1. Would a scan of the range 135-152 turn up a residue that is part of a strand (DSSP E or B), under 19 Å from MET202 (Cα atoms) and of a type outside the set (Val, Ile, Thr)?
2. Every residue in the range 576-597 that is assigned to a helix (DSSP H, G or I) and within 19 Å of PRO449 (Cα to Cα), please.
3. Do you know which residues across the range 186-238 are part of a helix (DSSP H, G or I) and hydroxyl-bearing (Ser, Thr, Tyr)?
4. When you go through ILE496, ILE399 one by one, which is the residue that is within 41 Å of the chain's Cα centre (by Cα), surrounded by 18 or more Cβ atoms within 10 Å (Cβ to Cβ) and over 30 Å from GLY602 (Cα atoms)?
5. What are the residue pairs meeting all of these: first residue in the range 65-86, first residue free of Cβ contacts under 8 Å to residues at least 24 places away in the same chain and over 30 Å from VAL169 (Cβ atoms), second residue in a helix (DSSP H, G or I) and of a type in the set (Ser, Thr, Tyr), Cβ atoms under 8 Å, and 6 or more apart or on different chains?
6. Out of everything in the range 437-464 that is farther than 22 Å from HIS585 by Cβ and of a type in the set (Phe, Trp, Tyr), what residue ends up being surrounded by the fewest Cβ atoms within 10 Å (Cβ to Cβ)?
7. Can you work out which of the residues in the range 540-561 that are closer than 18 Å to PHE57 by Cβ and among the hydrophobic types (A, V, I, L, M, F, W, C) is surrounded by the most Cβ atoms within 10 Å (Cβ to Cβ)?
8. Could you check ASP48 against (1) surrounded by fewer than 20 Cβ atoms within 10 Å (Cβ to Cβ); (2) assigned by TED's automatic domain parsing to the domain that holds THR159 and say which number it fails?
Amino acid sequence: MWRSFARWILSHRIFSLVFLAVLVGFMGFLGTRLQLSYQIARVLPLSDSTQIEYERFKQRFGADGTSMVIGFQDEKWFSLPVYQAWYDLTTDIKSMHGVREVLSSARVFHLQKTDSSWALKPLITARPSSQADVDTLKKQLFDQPFYEGVVFNPETKSTLMVITFNEKVLNSKERITIVETIRAKGKAFSEKTGIDLHYSGMPAIRTEVMKKVSHEMTLFLILAAVVTALMVWVLFRSWRITLVSLLVVGMGVLVTLGTLVLFGYEITILTGMLPPLLMVIGVPNCVFLVNHYQDELREHGDKQRALENIIRKVGLSALLANVTTAIGFGVFYFTNSRLLMEFGVVAAICILAVYAISMVVVPVLLSYMPAKIEQATESKWMPLLLRIDHWVRNRRPAIYLTITAVTIIAGLGLFFVQVQGYVVDDLPKNDPVYRDLRFFETEFKGALPMEVSIDTGHPNGVFDEGARTLYKIRSLERVMAQYPEFSKGRSVVDGIRLAYQAQRGGSPRFYVLPPLLELQKLAGNLPAGSSGSNSLLKAYLDSTRRYTRVSYQMADVGSHRIKEIMSTLEPKVDSIFASSGSKVHLTGHSLVFLKSNDYLLGNLYESLLIAILLIALVGMILFRSIPIILLSKLPCLIPLLVTAGIMGYTGIPFKPSTILVFSIAFGLSSDGTVYFLTSYRRKLSEGLDPNQAISAAIRETGVSLIHTALILAGGFAVFSASSFGGTAALGVLVSTTVLMACVTNLLLLPALMLSLKRYRV
């Protein structure tokens, strides 16, 4: 079959190139329509109970995480020039398209009694013109406990602005423009007052992350092209081979972009890595084809025969190698996480597409070039390969002992590995997004949303039965106050407190939950959640008064600490509401993140196991020897163990972004195993005994294994320049793994084959 395919390709060179050019051009055209993802990537499947409750919460009250916060801390926070500038900034932002509401120390509200109900009225009706005006406003603001811990912190003299966006605008490309405009206005404020502003909240974090993703996608594509081209040229010292390799992987990049559009996917933090990844992963196909072509020319010098033979000899082994790599990515489909499924499916398809492109383009283009032997491709590595051959045939115990010692030492490092994840842990500590988030954690306990959703079970349940639910919420507030990770909560109870304070003349000492009789009178006059935009309770109470919420902001304390908090908090919350019959759920973006983190880790472990089994099955179909297949996985698994040990010793935690390394690296490491075993089996079929076949296989595949390992390591190393910690760690760890796999495939695998020479592959 492979011989017929080779002859057909070489006989229809023009047609093959034109067909590929049209196909790739079409995919490239589609790629121009690729867009950034502006929505929070859903990790949990829709069937997950945490995701189900979160979706119900959003249906009742709208999405959380739609607020951006701007804050500062300064002694001059209520001086006339600063307050006027803050007032102007608040007014300018409120007038922007896409901004639904703004709350700040220059824009707050108080309750006023109307004929039949209560209405929210602005506390500040005009821009102050004197310091005396500002001092008066300051006193009025401080007499409103409702806003303490929400828009100001009197102890540290810090204040913030809460900007709520229209959800439709927030999940579109307009968000970047809006957030950048707000930052520009904030910069003008800083230049005018000399006060640095801090920006956070999910819209600000998501915007900055997606800007970085877009920038890094382009950056890494350029870096990957430069690094791989440089390494191919250094290894081959041939511009024509370098250009052919770049053409192949460039076509692969266009196919990747087009595939994303065809599948309806957008650029996320993972899919943004695909173009440079495919550029790096596609080069080894070219390396193996070129090296075998050079070997054929050295053997007989017949170009046509050499071109046919490289397709015939490399075609199957390259196909299996690319299948194993595709499996390493494709198993992410089984995580049922949309984020990983998109990444894995497109990667697997495009890896096989790049293989097909290389099997056509490389032989066809070489057929138009002079049959020139590149002396540098073999001579520089031959002394090392001869030394390896000697060690394999004569020093196998030393090889086993050394690798065993390395494996044991690495295994001990596993005891130091931590399983930990943060919402912004992929950003460096000196990144403005990280620093700003820490500012709000210090001054206002955090900027990440956490919600308590309460279902009383029947209409008007929040106020029925002597307003029992409201008193339960007050008990909940006391429990939550025991945890320094949570901000001051906001709920329907605060609205009633504010109304009672207004009813009692505005004195702060009446900002309390009133006695039962007065509470029932107030509740009867408060508007339901479906009324106008000035409704005090619309954000915390649905129109039927059956459902209510208590909203908190929390610090980014990490998945480990959140687990500890939830393990003690959930029983306390359940005990508070147990007697009322209400159903209470802790939800919100922060808790969905926690569950997503655990879900991804568990499923990625399973994906790695599936990858091992599937790749072993591929080997079984090819070699049909259980002992050979089982032991041949050691050269692929040991590098993974060494990498995990390095993570333990260097303090790199297991988290979704770093656990990706293992499935990807296992697929790449298995490539070398497939190439070597295929060569070994072919040498045996040619009549060589096991010792001779091992030596021949080392010489035939050794140069290509070294070249591909160096190119892959160099290509993945460019990701270490990422501003995302997980992406940088992935680059370093995959590079380490493929280099270690090269060593085990050239030393341990041949040694094992000789020790098992009674088994034939």
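1. Just the residues of the range 135-152 that are part of a strand (DSSP E or B), to begin with: 148, 152.
Narrowing the set further to residues that are under 19 Å from MET202 (Cα atoms) leaves none.
Among the residues of the range 135-152, not one is part of a strand (DSSP E or B), under 19 Å from MET202 (Cα atoms) and of a type outside the set (Val, Ile, Thr), which makes the answer no.
2. Here is the first cut: in the range 576-597, the ones assigned to a helix (DSSP H, G or I) are 576-580, 589-597.
Of everything in the range 576-597, those that are assigned to a helix (DSSP H, G or I) and within 19 Å of PRO449 (Cα to Cα) turn out to be HIS589, SER590, LEU591, VAL592, PHE593, LEU594, LYS595, SER596, ASN597.
3. SER190, THR193, THR207, SER214, THR218, THR228
4. Going through ILE496, ILE399 in turn, the sole match is ILE399.
5. Note: no pairs meet the criteria.
6. Checking each candidate, the answer is PHE439.
7. Taking the candidates together, the pick is LEU541.
8. (2)
The values are calculated or read from the model by the stated rules, or taken from the named source; none is laboratory data. Source: prediction; values computed, not measured. Using ideal geometry, Cβ is built from the backbone for each residue, glycine included, and neighbour counts are taken over all protein chains shown.
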